[in-house]
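Right, one structure below, let's go through it.
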Amino acid sequence: MLSNKTIVVGVSGGIAAFKAAALVSKLTQAGANVHVVMTEAATKFVTPLTFQALARNPVYTDTFTEPDPTKIAHIDTADQADLVLIAPASANSLAKLAHGIADNMLTTLVLATQAPVILAPTMNVNMYEHPSVQKNLKTLEEYGYRLVEPGAGFLACGWIGKGRMAEPEELVEAAEATLAEKTSLVGKRVLVTAGPTREPIDPVRYFTNYSSGKMGYALAREAMLRGANVTLVTGPTALSVPPGVDVIDVVTSQEMYEAVTTLYEHVDVVVKAAAVADYRPVKTYEQKRKKNQESWSVELEATTDILQMLGRTKQKQVLVGFAAESEDLKRYALDKMERKSLDLIVANDITAAGAGFDGDTNIVSIFTRDGRHEEHSEKSKTEVASHVLDAIEAYGKRSGHL
Ligand code: CTP
């Protein structure tokens, strides 16, 4: 898996930099072409010469050292990378990456690369648990970076807790898994819809729902990491679009319908994770409707069921729908799969704790047109996205669609 892959190992400042030496050695022995990039702080812990000897490649520490005048080192290395693995990823480097700061070779390269990025956060337990670090990690996950969580145990600083860098063996596994995944949907075109829609009543009011978009964004990110060309059609959310994913912003269900139908014939897979409004006001007031003491009825009309339309005009696309149910999950999900001519349906019980709209976790069952069924316990939306894509790919292979 790692043979002939170009892997950039980024080493930032922390005592765990010594473990990065074992990591570089293992990756090199597995046949990878390893380029090490160090921050200045990292060089205080381990010398560049150690990494140069292990990787048998020059080590980059300074953005402005350009040994080959025909190339710009940080862009060239970023472009060549099949994978970027940052271990240890210090609190400082994580903060820079979360905010797009490019003030050294490592952070500049990460900003420039289109390769998947794996981060191994490593620091004192209190630093790790600080809300700013947690927020940065969440942001980085939203950008599509993979996190290999630190282990718990004795830390070099004397504290006991979470913060110890994942072992080199675990990081090699993460690298293998990421490179393996990247091969499975390579070149396929995947359309993901996410978030809620807003149906305007007047210039200041609208109908919407509780969808946060997290599930759809996680799916778009996961498909991109697997090498697909991903377009995300999204309603209004507070999330950042993962780098490498094309985005089309929409507001109303009608706009989502138009965006999706325009793209439909060009894509291989459609995942409709959006919570599209089923109804919209018949009339949208052009001016703000003034209040008075009387009650107010707003007449609603049905919106177009986008998924049903896609099902009717389906050619070779794998069509995946979501079913948010509050009772009788299996029956309603199977009925929806039939009614909307879906290949897969991902169903969740929105009344269960840990499942549904705004949380970071979900509990799903996945049903396929050819009669398979898998149930998952409560998992992060990133993990659920991975299961959904596994199911899509397995179905695609069985049915000859992918
Ligand atoms: N969907 C859609 N267009 C709509 C409504 C829903 O494309 N106007 C899609 C959603 O993106 C989701 C699936 O249909 O993938 C199921 O949505 P849901 O609201 O659960 O199902 P409905 O068909 O609306 O059925 P019901 O409200 O009766 O449960």
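The values are calculated or read from the model by the stated rules, or taken from the named source; none is laboratory data. All of these numbers come straight from a predicted model, not from anything done at the bench. Glycine also receives a Cβ, built like all others from the backbone with ideal geometry; neighbour counts cover every protein chain displayed. Remember, those area values only see protein heavy atoms, side chains included, never the ligands or the DNA or RNA. Shrake-Rupley method; radii C 1.70, N 1.55, O 1.52, S 1.80 Å.
Worth a mention:
- Here the label points at residue 53 and residue 262, each 7 Å from Cα along the C-beta direction, are separated by 5.9 nm in the simple model.
- Packing rank of 28-34, 288-294, 121-127, where each peptide gets the mean count of other beta carbons within 10 Å, highest leading: 121-127, 28-34, 288-294
- Rounded to the nearest 10 Å², the accessible area of residue 357 at probe 1.4 Å: 80 Å²
- Each residue of the stretch 165-173 is assigned a 3J(HN,Hα), and the resulting list reads 4, 3, 5, x, 4, 5, 6, 5, 4 Hz, derived from the Karplus form 6.51 cos²θ - 1.76 cosθ + 1.60 (θ = phi - 60°), x at Gly and Pro.
- Cross-link partners of residue 290 among aspartates and glutamates, defined as those whose alpha carbon lies under 16 angstrom from its own and excluding same-chain residues fewer than eight positions apart: 202.
- Ellipsoid fit via the Cα gyration tensor, the stretch 189-399: semi-axes of 29, 19, 17 Å, each the root of five times an eigenvalue, largest first.
- Other residues with beta-carbon under 9 Å from the beta-carbon of residue 337 carry, at +1 per Lys or Arg and -1 per Asp or Glu, a net charge of +1.
- Span from the the stretch 66-97 Cα centroid across to the the stretch 100-153 one, whole angstrom: 14 Å
- Annotation: lysines with alpha-carbon distance below 18 angstrom to residue 26 (same-chain offsets under eight excluded): 5.
- Three principal axis lengths of the stretch 6-179 [C-alpha, angstrom, descending]: 47, 31, 31
- For residue 302, the shell of other residues with beta-carbons less than 13 Å away shows a net charge of -4, using +1 for Lys and Arg and -1 for Asp and Glu.
- The residues neighbouring residue 391, those whose beta-carbon lies less than 9 Å from its own, together hold a net charge of -2 under the Lys/Arg +1, Asp/Glu -1 convention.
- Among 161, 195, 14: highest mean-square fluctuation, GNM of the chain, C-alpha pairs under 10 Å: 161
- Cβ charges +1 (Lys, Arg) and -1 (Asp, Glu), total dipole of the chain, debye: 120 debye
- Distant-in-sequence amide contacts of residue 305, defined by a placed amide H-H separation under 5 Å and a gap of 5 or more residues or a different chain, comprise nothing.
- Reduced Cα scattering model of the chain, Debye log10 I(q)/I(0), q = 0.08, 0.10, 0.13, 0.14 Å⁻¹: -0.49, -0.73, -1.08, -1.18
- Alpha-carbon centroids, the stretch 368-396 and the stretch 2-47: separation in whole Å: 34 Å
- Each Cα pair under 8 Å and six or more residues apart adds its sequence gap; the mean of these over the residue count of the stretch 189-399 is a relative contact order of 19 percent.
- Under the combined filter of DSSP loop state and at most 16 neighbouring Cβ atoms within 10 Å, the stretch 229-335 retains these chymotrypsin sites (Phe, Trp or Tyr not before Pro): 285, 296.
- Comparing mean-square fluctuations of 66, 265, 299 from a GNM of the chain with C-alpha springs under 10 Å, the top value falls on 299.
- Within the same chain, lysines fewer than 8 places from residue 340 are excluded, and of the rest, those with a Cα less than 29 Å from its Cα are 188, 214, 272, 283, 314, 316, 330, 379, 381, 397.
- Straightening the chain between residue 41 and residue 132 buys 30.7 nm, computed as 0.36 nm per residue apart minus the Cα-Cα spacing.
- Karplus-derived 3J(HN,Hα), 6.51/-1.76/1.60, for each residue of the stretch 139-150, Hz, glycine and proline x: 4, 5, 5, 5, 6, x, 6, 8, 10, 9, 4, x
- Segment residue 312-residue 398, length gained on full extension (0.36 nm per residue, minus Cα span): 28.8 nm
- Along the stretch 216-232 the Karplus relation, 6.51 cos²θ - 1.76 cosθ + 1.60 evaluated at θ = phi - 60°, assigns HN-Hα couplings of x, 5, 5, 5, 4, 4, 5, 5, 5, 5, 8, x, 7, 8, 10, 10, 10 Hz to successive residues, with x for each Gly and Pro.
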